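Colleague: Dropping a structure here in C-alpha coordinates format, bear with me for questions.
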Amino acid sequence: MPKVRTNRVKYPNGWELIEPTLRDLETKMREAEQETHEGKRKCETLWPIFRAAHQKSRYVFDLYYRRKEISKELYEFCLDQGYADRNLIAKWRKPGYERLCCLRCMQPRDHNFATTCVCRVPKHLREEKVIECVHCGCRGCASGD
Ligand SMILES: [Zn+2]
Ligand SMILES: [Zn+2]
(Lines give C-alpha, C1' and ligand atoms only; values in the text may rest on other atoms or scores of the structure.)
(Ligands and ions follow the chains in the order given, each with its own letter.)
Protein backbone atom coordinates (compact mmCIF):
# COMPACT_ATOMS: atom_id res chain seq x y z
CA MET A 1 0.00 0.00 0.00
CA PRO A 2 1.39 3.43 -0.83
CA LYS A 3 2.23 5.59 2.13
CA VAL A 4 -0.17 8.42 2.66
CA ARG A 5 1.62 11.65 3.32
CA THR A 6 -0.23 14.18 5.37
CA ASN A 7 0.86 17.51 6.73
CA ARG A 8 -0.06 16.44 10.18
CA VAL A 9 2.98 14.36 11.00
CA LYS A 10 2.83 13.00 14.49
CA TYR A 11 6.20 13.53 16.10
CA PRO A 12 7.16 10.89 18.66
CA ASN A 13 8.46 11.81 22.10
CA GLY A 14 12.03 12.95 22.10
CA TRP A 15 11.88 14.36 18.61
CA GLU A 16 12.52 17.87 19.90
CA LEU A 17 15.85 16.71 21.33
CA ILE A 18 17.23 15.35 18.09
CA GLU A 19 15.56 17.70 15.64
CA PRO A 20 18.17 20.53 15.86
CA THR A 21 21.03 18.21 14.93
CA LEU A 22 19.12 16.63 12.06
CA ARG A 23 18.07 20.05 10.77
CA ASP A 24 21.67 21.28 10.92
CA LEU A 25 22.79 18.36 8.82
CA GLU A 26 19.98 18.90 6.35
CA THR A 27 21.05 22.51 5.98
CA LYS A 28 24.59 21.32 5.37
CA MET A 29 23.34 19.06 2.60
CA ARG A 30 21.39 21.85 0.99
CA GLU A 31 24.35 24.21 1.18
CA ALA A 32 26.57 21.60 -0.38
CA GLU A 33 24.10 21.18 -3.22
CA GLN A 34 24.16 24.88 -3.95
CA GLU A 35 27.88 25.35 -3.67
CA THR A 36 29.74 26.44 -6.76
CA HIS A 37 31.08 23.54 -8.75
CA GLU A 38 33.80 25.55 -10.43
CA GLY A 39 37.20 23.99 -10.48
CA LYS A 40 36.00 20.78 -8.92
CA ARG A 41 35.72 17.37 -10.40
CA LYS A 42 32.12 16.37 -10.85
CA CYS A 43 32.36 13.58 -8.31
CA GLU A 44 33.93 15.89 -5.76
CA THR A 45 30.91 18.13 -5.66
CA LEU A 46 28.85 15.24 -4.37
CA TRP A 47 31.12 14.34 -1.49
CA PRO A 48 29.92 16.93 1.03
CA ILE A 49 26.36 15.84 0.34
CA PHE A 50 27.26 12.21 0.91
CA ARG A 51 29.10 13.14 4.07
CA ALA A 52 26.19 15.03 5.57
CA ALA A 53 23.78 12.23 4.68
CA HIS A 54 26.16 9.78 6.29
CA GLN A 55 26.30 11.87 9.45
CA LYS A 56 22.53 11.93 9.72
CA SER A 57 22.27 8.17 9.50
CA ARG A 58 25.18 7.76 11.89
CA TYR A 59 23.60 10.10 14.39
CA VAL A 60 20.32 8.21 14.43
CA PHE A 61 22.13 4.87 14.49
CA ASP A 62 24.28 5.88 17.48
CA LEU A 63 21.35 7.25 19.42
CA TYR A 64 19.41 4.07 19.05
CA TYR A 65 21.93 1.24 18.98
CA ARG A 66 24.87 2.59 20.95
CA ARG A 67 23.67 5.28 23.30
CA LYS A 68 20.16 3.84 23.54
CA GLU A 69 18.77 7.30 24.04
CA ILE A 70 15.82 7.20 21.69
CA SER A 71 12.79 4.95 21.57
CA LYS A 72 12.16 2.43 18.85
CA GLU A 73 9.23 4.54 17.80
CA LEU A 74 11.40 7.60 17.30
CA TYR A 75 14.05 5.53 15.55
CA GLU A 76 11.52 4.10 13.10
CA PHE A 77 10.10 7.56 12.61
CA CYS A 78 13.51 8.88 11.54
CA LEU A 79 13.86 6.04 9.03
CA ASP A 80 10.34 6.51 7.69
CA GLN A 81 10.81 10.23 7.30
CA GLY A 82 14.09 9.79 5.50
CA TYR A 83 16.33 11.26 8.21
CA ALA A 84 18.43 8.13 8.16
CA ASP A 85 19.15 5.48 5.56
CA ARG A 86 17.66 2.16 6.58
CA ASN A 87 19.84 0.15 4.21
CA LEU A 88 23.06 1.75 5.32
CA ILE A 89 22.23 1.20 8.97
CA ALA A 90 21.48 -2.45 8.25
CA LYS A 91 25.03 -2.77 6.91
CA TRP A 92 26.59 -1.09 9.94
CA ARG A 93 25.16 -3.82 12.07
CA LYS A 94 27.12 -6.48 10.18
CA PRO A 95 30.66 -7.37 11.23
CA GLY A 96 33.18 -5.76 8.92
CA TYR A 97 30.83 -3.01 7.82
CA GLU A 98 30.64 -0.99 11.01
CA ARG A 99 32.20 2.02 9.36
CA LEU A 100 30.93 1.65 5.81
CA CYS A 101 30.77 5.10 4.23
CA CYS A 102 28.03 4.54 1.68
CA LEU A 103 26.22 1.73 -0.08
CA ARG A 104 27.85 2.30 -3.44
CA CYS A 105 31.27 1.55 -2.05
CA MET A 106 30.38 -2.04 -1.37
CA GLN A 107 28.84 -2.76 -4.75
CA PRO A 108 31.37 -4.55 -6.94
CA ARG A 109 29.74 -3.56 -10.22
CA ASP A 110 30.38 0.13 -9.56
CA HIS A 111 34.11 -0.30 -9.58
CA ASN A 112 36.74 -0.81 -12.21
CA PHE A 113 38.10 -4.10 -11.09
CA ALA A 114 34.94 -5.78 -9.96
CA THR A 115 35.94 -5.49 -6.37
CA THR A 116 34.54 -3.26 -3.71
CA CYS A 117 35.77 0.30 -3.46
CA VAL A 118 39.39 1.03 -2.57
CA CYS A 119 38.26 2.71 0.64
CA ARG A 120 37.04 -0.67 1.88
CA VAL A 121 40.53 -2.15 1.80
CA PRO A 122 42.20 -2.18 5.22
CA LYS A 123 45.12 0.20 5.54
CA HIS A 124 47.81 -2.42 5.89
CA LEU A 125 46.73 -4.13 2.65
CA ARG A 126 46.61 -1.01 0.53
CA GLU A 127 49.25 -0.16 -1.97
CA GLU A 128 48.27 3.45 -2.54
CA LYS A 129 49.12 5.90 0.17
CA VAL A 130 46.36 8.40 -0.42
CA ILE A 131 42.86 7.10 -0.77
CA GLU A 132 39.88 9.00 -1.99
CA CYS A 133 37.03 6.99 -3.30
CA VAL A 134 35.24 8.59 -6.24
CA HIS A 135 31.76 7.97 -4.91
CA CYS A 136 31.81 9.82 -1.64
CA GLY A 137 35.38 10.96 -1.03
CA CYS A 138 35.86 8.40 1.70
CA ARG A 139 39.45 7.96 2.82
CA GLY A 140 39.07 4.53 4.24
CA CYS A 141 36.26 2.89 6.11
CA ALA A 142 37.42 -0.66 6.62
CA SER A 143 36.83 -1.90 10.14
CA GLY A 144 39.94 -1.73 12.23
CA ASP A 145 41.59 1.09 10.34
ZN1 LIG B 1 34.41 4.10 2.27
ZN1 LIG C 1 31.45 5.56 0.00
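Colleague: Could you give the size of the charge dipole of the chain about its Cα centre, using +1 on the Cβ of each K and R and -1 on the Cβ of each D and E, expressed in debye and rounded to the nearest 20? Walk me through the intermediate numbers first.
Modeller: Details: 29 positive and 21 negative charges, 89 e Å.
The dipole magnitude comes to about 420 debye.
Colleague: Using 0.36 nm times the number of residues separating LEU79 and SER143, minus their current alpha carbon distance, what extension gain do you get?
Modeller: 20.6 nm
Colleague: How do LEU46, LEU17, LEU88 stack up against each other in accessible area, from largest to smallest, with a 1.4 angstrom probe? Don't skip to the answer; put the middle values down first.
Modeller: On the way: LEU46 80, LEU17 130, LEU88 10 Å².
Ranking LEU46, LEU17, LEU88 by accessible area, largest first, yields LEU17, LEU46, LEU88.
Colleague: DSSP loop trypsin sites (Lys or Arg not before Pro) in the stretch 53-124 with at most 15 other Cβ atoms within 10 Å of their Cβ, which ones? It would help to have the intermediate numbers written out before the result.
Modeller: Working: sites: LYS56, ARG58, ARG66, ARG67, LYS68, LYS72, ARG86, LYS91, ARG93, ARG99, ARG104, ARG109, ARG120, LYS123; in loops: ARG67, LYS68, ARG93, ARG99.
Here the sparse-neighbourhood loop sites are ARG67, LYS68, ARG93.
Colleague: For the chain, what is the calculated [θ] at 222 nm in deg cm²/dmol (nearest 500), taking -39500 (n - 2.57) for each run of four or more DSSP H residues and dividing by its residue count?
Modeller: On the way: 4 runs with 56 residues, N = 145.
That calculation yields -12500 deg cm²/dmol at 222 nm.
Colleague: If the chain between TYR65 and ARG86 were fully stretched, how many nm would it gain, using 0.36 nm times the residue separation less the Cα-Cα distance? Walk me through the numbers on the way to the answer.
Modeller: Details: separation 21, 0.36 × 21 = 7.56 nm, distance 1.31 nm.
The TYR65-ARG86 span can extend by a further 6.2 nm.
Colleague: Another question about this same structure. How far, in nm, would the chain grow between HIS124 and LEU17 when pulled straight, counting 0.36 nm per residue and subtracting the alpha carbon separation? All intermediate terms of the calculation are to be shown ahead of the outcome.
Modeller: Values: separation 107, 0.36 × 107 = 38.52 nm, distance 4.03 nm.
Gain in length upon complete extension: 34.5 nm.
Colleague: What longest range of the chain stays clear of loop-exposed GluC sites (Glu not before Pro) (DSSP non-H/G/I/E/B, at most 16 other C-beta within 10 angstrom)?
Modeller: Answer - 1-34.
Colleague: Could you give me the radius of gyration and the Dmax of the stretch 96-145, taking only the C-alpha atoms into account and expressing both in angstrom?
Modeller: 9.7, 25
Colleague: For the cross-link pairs LYS40/LYS129; LYS56/LYS129; LYS40/LYS94; LYS42/LYS129; LYS68/LYS94, which exceed 25 Å when the distance is taken from alpha carbon to alpha carbon? Kindly include the intermediate steps, with their values, before the conclusion.
Modeller: Numbers: LYS40/LYS129 22 Å; LYS56/LYS129 29 Å; LYS40/LYS94 34 Å; LYS42/LYS129 23 Å; LYS68/LYS94 18 Å.
Those over the limit are LYS56/LYS129; LYS40/LYS94.
Colleague: Sticking with this structure for a sec: Report the convex hull volume per residue for the chain, counting only C-alpha atoms, in Å³.
Modeller: Details: hull volume 22.0 nm³, N = 145.
Dividing the Cα hull volume of the chain by its residue count gives 152 Å³.
Colleague: Taking only C-alpha pairs under 8 Å that are 6+ residues apart, what is the relative contact order of the chain in percent?
Modeller: Values: 154 pairs, mean separation 28.9, N = 145.
After rounding, I find 20 percent.
Colleague: Before anything else, pin down the relative contact order of the stretch 54-94: Cα pairs under 8 Å, at least 6 apart, normalised by residue count, whole percent.
Modeller: On the way: 24 pairs, mean separation 18.1, N = 41.
So the answer I get is 44 percent.
The values are calculated or read from the model by the stated rules, or taken from the named source; none is laboratory data. What you see is a predicted model; the values in this text were computed from it and never measured. Because the Cβ atoms are built from the backbone with ideal geometry, glycine has one as well, and the counts that use them run over all protein chains shown. Accessible surface areas use protein heavy atoms only, side chains included; no ligands, DNA or RNA. Shrake-Rupley method; radii C 1.70, N 1.55, O 1.52, S 1.80 Å.
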